[in-house]
1. Looking only at segment 148-158, count how many residues are surrounded by fewer than 17 Cβ atoms within 10 Å (Cβ to Cβ) and in contact with a helix residue (DSSP H, G or I) (Cβ under 9 Å, 6 or more places away or on another chain).
2. Which condition number in (1) at pLDDT below 95; (2) open to solvent by less than 20 Å² (accessible area, probe 1.4 Å) is the one that Thr72 fails?
3. Considering segment 78-113 alone, what residues qualify as being open to solvent by less than 100 Å² (accessible area, probe 1.4 Å), within 30 Å of Gln208 (Cα to Cα), at pLDDT 90 or above and out of contact with any strand residue (DSSP E or B) (no Cβ under 6 Å at 6 or more places or on another chain)?
4. In segment 56-81, what residues are assigned to a loop (DSSP other than H, G, I, E, B) and within 16 Å of the ligand (Cβ to nearest atom)?
5. Would you confirm, using the coordinates I've provided, whether Ala228 is in a helix (DSSP H, G or I) and in contact with a strand residue (DSSP E or B) (Cβ under 9 Å, 6 or more places away or on another chain)?
6. Name the one entry in Gln208, Gln166, Gln224 that is surrounded by 13 or more Cβ atoms within 10 Å (Cβ to Cβ) and of a type in the set (S, T, N, Q).
7. Criterion first (in a helix (DSSP H, G or I), open to solvent by less than 50 Å² (accessible area, probe 1.4 Å), charged (D, E, K, R) and over 30 Å from Gln162 (Cα atoms)) does Glu51 satisfy it?
8. Working only within segment 180-217, note down all residues that are farther than 20 Å from Trp132 by Cβ, more than 16 Å from the ligand (Cβ to nearest atom) and part of a loop (DSSP other than H, G, I, E, B).
Amino acid sequence: MKKIILLCFSFLILQAKPLISVSIAPQAFFVKKIAANTLNINIILPPNSNEHNFEFKPSTMKDLEKSDIYFTIGLEFEKIFIDKFKQNFPKLQVVNIQKNITLLETDNEHEHLHDHSHKHEHSHEHFDPHTWLDPILVQTMALNIYNALIQKYPQNKNLYKQNLDQFLIELNDLNFQIVSKLKKLKNKEFVVYHPSWTYFARRYNLIQIPVEILGKEPKSKDLQKLIALIKNKNIKIIFVQNGFPENAAKTLAKECNAKIYKIDHLSYDWENELLKTAEALSQNL
Ligand SMILES: [Zn+2]
């Protein structure tokens, strides 16, 4: 009986942990680094989803409503719903995890080719949100997480400060590891289906060539151009991503005699995923 009571009691303690929400799994990894086991984290984007083409489910709303904080990361679905959240969930504090980061404008070179009559309907971001793939920008985001958490849970300030300092060191180390992996690259250009590696490419002096055009698979005319480009640059690897279409990339790989390599820019195993990607680049460019 004692055991059962104890079990119930510990269950209550587990339940009593505050809940916070994030949009994508890498953010959960960052929050966990600082908060350790003091919080429960609700990830809004389900595994293997496309972060630009996602609609909220009622169950997601429930967990969001129970959250103290929601860390946003500049994704389109956040912008669509944020006013509703603020109205309906007065307890929920919305915190922009990208505060103090200058976002790059998305490459809208293709946008000008279209007629502008549908301009207000398309849902592409004007700013590139993928800051989470640059370890140095993640340092700024870690600081933003820390500041929000110590305001909300001042009783944990010492723990959070310790964890923040440790995480900042780890991020520096990770940056150096990636730099050293990429040091001997001959070819700076790489091909990836969804252009989520813009900030990573900028940090490590690489050039990202996207396969996707305005969030869609390329048409055959665009594919022909890409085939010519990839052959010309002698690129031997094409990155594809979980949750995104692979047909165009497969066609390219076949036509150009290149390898397909799967990466996951939305992985919770964020640090290893960056290292794995850097390793794949270093062996194939
Ligand atoms: Zn993306």
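1. 1
2. The one condition Thr72 does not meet is (1).
3. Gln98, Ile101, Leu104
4. Those that are assigned to a loop (DSSP other than H, G, I, E, B) and within 16 Å of the ligand (Cβ to nearest atom): Ile73, Gly74, Leu75.
5. Here the answer is no, as Ala228 does not meet what is asked.
6. Working: Gln166 fails: surrounded by 13 or more Cβ atoms within 10 Å (Cβ to Cβ); Gln224 fails: surrounded by 13 or more Cβ atoms within 10 Å (Cβ to Cβ).
Just a single option satisfies the conditions, and that option is Gln208.
7. The answer is no for Glu51.
8. Lys183, Lys184, Leu185, Lys186, Asn187, Lys188
The values are calculated or read from the model by the stated rules, or taken from the named source; none is laboratory data. Predicted model, so just to flag it, every value in this text is computed and none were measured. All Cβ positions, even for glycine, are placed from backbone atoms using ideal geometry, and neighbour counts span all protein chains on display. The area values use the complete protein model at the heavy-atom level, side chains included, leaving out ligands, DNA and RNA. Shrake-Rupley method; radii C 1.70, N 1.55, O 1.52, S 1.80 Å.
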